[in-house]
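Everything on this sheet refers to the single structure shown next.
The values are calculated or read from the model by the stated rules, or taken from the named source; none is laboratory data. Given the structure is predicted, the values throughout are model-derived calculations rather than measurements. Counting neighbours? That spans all protein chains shown, and the Cβs are built from the backbone with ideal geometry, glycine included.
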Ligand SMILES: Cc1ncc(COP(=O)(O)O)c(C=O)c1O
């Protein structure tokens, strides 16, 4: 049996989705197919953002691999043109890029850059963040929850209007309360002599659970960090490339970063990531490090990245994310409205979560019921998963090519699952 062979060859404990895992053999657009030929509509995967098996991307990769693929130490028109095109899509602070192969590496480079630029070491993150799995970047995971703070990494509670840090406050007062926690962490860096190098946050707090934010929190937090001499790093690994209906999450949440990190959907499955910032900062970093990454900044990466941008633009996928996303969100809101186990529906574009609770009054997270939703939706032919800081969110994050018809079918299946699971 494949599961047993997997456990032997990969080791038991390599995570699998669903109580009854599925075996996938093929994908096309927003659809994936199992070994029996059964079709599932993918409402989860964000890496194949322009669609599973996208022909334009596959042709570009294949053509480039047959033509030339070398490391970064040669002049190559495609690599430069790709970096230029990426910069043109960003705010004016982002001019140049260091390419890598994973989100972890992009964040590692961003942290190194910020430390070199400021001469300080303190990194500020949220208490339910995930930015990658290396020794350095992994130290930003769930700080103050599953791992302790360290002298050079401090966390503040992620802003959240649904489960706020204090009850009975207005949105404005909550904004101030969360900013006070950012301030406190910065002051602790100052007091210890470590000093603030950067705040590294996901621009939409994806792993925290897509919380609704006090209106000006992001802009004010960025301002506070800069006033303390630090840099603002926006992790766009989940939020970027149209997911929210904007090119970048920071446009959706209203701030401008000094450094961005990009990954996941960037190559539609080809490992490519990037750290983008001002030319000055990039050159400072390059001057100090001789940075090299064997597979990165290659013609192959650039070809994949270019092809993804082509599809996003040609197929107007930002519009699709906005339109289909609005329809999904509204449909989920309607279905959740009178259900005592569904507390909140949040998100932007094609990234929506349904917050599953034991009851609406206490808002206590109910991860078991969220997992039951994912399992039942899978049986009904739709891929989702339970996620978030409390693992109680039904996470809805389809490829950007998902259609209105697919969204309508999903809403019907969600309603079936809701009746069965929530009674
Ligand atoms: C927000 C965010 N940043 C960074 C990463 C790390 O990316 P990678 O797995 O490509 O190293 C992830 C991965 O899930 C992520 O969600």
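If only residues of the range 190-207 that are over 17 Å from residue 221 (Cα atoms) and touching a residue at least 24 places away in the same chain (Cβ under 8 Å) are counted, the one that is farthest from the ligand (Cβ to nearest atom) is 192. Selection of first residues in the range 2-22 that are within 22 Å of residue 45 (Cα to Cα) and of second residues that are surrounded by 10 or more Cβ atoms within 10 Å (Cβ to Cβ), restricted to Cβ pairs under 6 Å at least 6 apart or on distinct chains, gives the following pairs, ordered by first then second residue: 17/385; 18/375; 18/378; 19/375; 22/34.
Each row is one residue, and each column tells you yes or no for (1) crowded, with 22+ Cβ neighbours inside 10 Å; (2) more than 20 Å from the chain's Cα centre (by Cα); (3) more than 30 Å from residue 73 (Cβ to Cβ).
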residue: 300; (1), (2), (3): yes, yes, no
residue: 313; (1), (2), (3): no, yes, yes
residue: 318; (1), (2), (3): no, no, yes
residue: 327; (1), (2), (3): no, yes, yes
residue: 334; (1), (2), (3): no, yes, yes
residue: 341; (1), (2), (3): no, yes, yes
residue: 347; (1), (2), (3): yes, no, yes
residue: 350; (1), (2), (3): yes, no, yes
residue: 360; (1), (2), (3): no, yes, yes
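Looking only at the range 383-409, residues that are within 28 Å of residue 310 (Cα to Cα) and in contact with a strand residue (DSSP E or B) (Cβ under 7 Å, 6 or more places away or on another chain) come to 9 in all.
Which residues, counting only those in the range 370-391, are in contact with a helix residue (DSSP H, G or I) (Cβ under 6 Å, 6 or more places away or on another chain) and either surrounded by 24 or more Cβ atoms within 10 Å (Cβ to Cβ) or outside any loop (DSSP other than H, G, I, E, B) (or both)? 372, 373, 376, 377, 382, 384, 385, 386, listed by residue number. In this structure, is residue 210 touching a helix residue (DSSP H, G or I) at 6+ places or on another chain (Cβ under 6 Å), at pLDDT 95 or above and not in a strand (DSSP E or B)? No; evaluated as a whole, the condition is false for this residue. There is at least one residue in the range 124-144 that is within 21 Å of residue 221 (Cα to Cα), surrounded by fewer than 20 Cβ atoms within 10 Å (Cβ to Cβ) and more than 16 Å from the ligand (Cβ to nearest atom).
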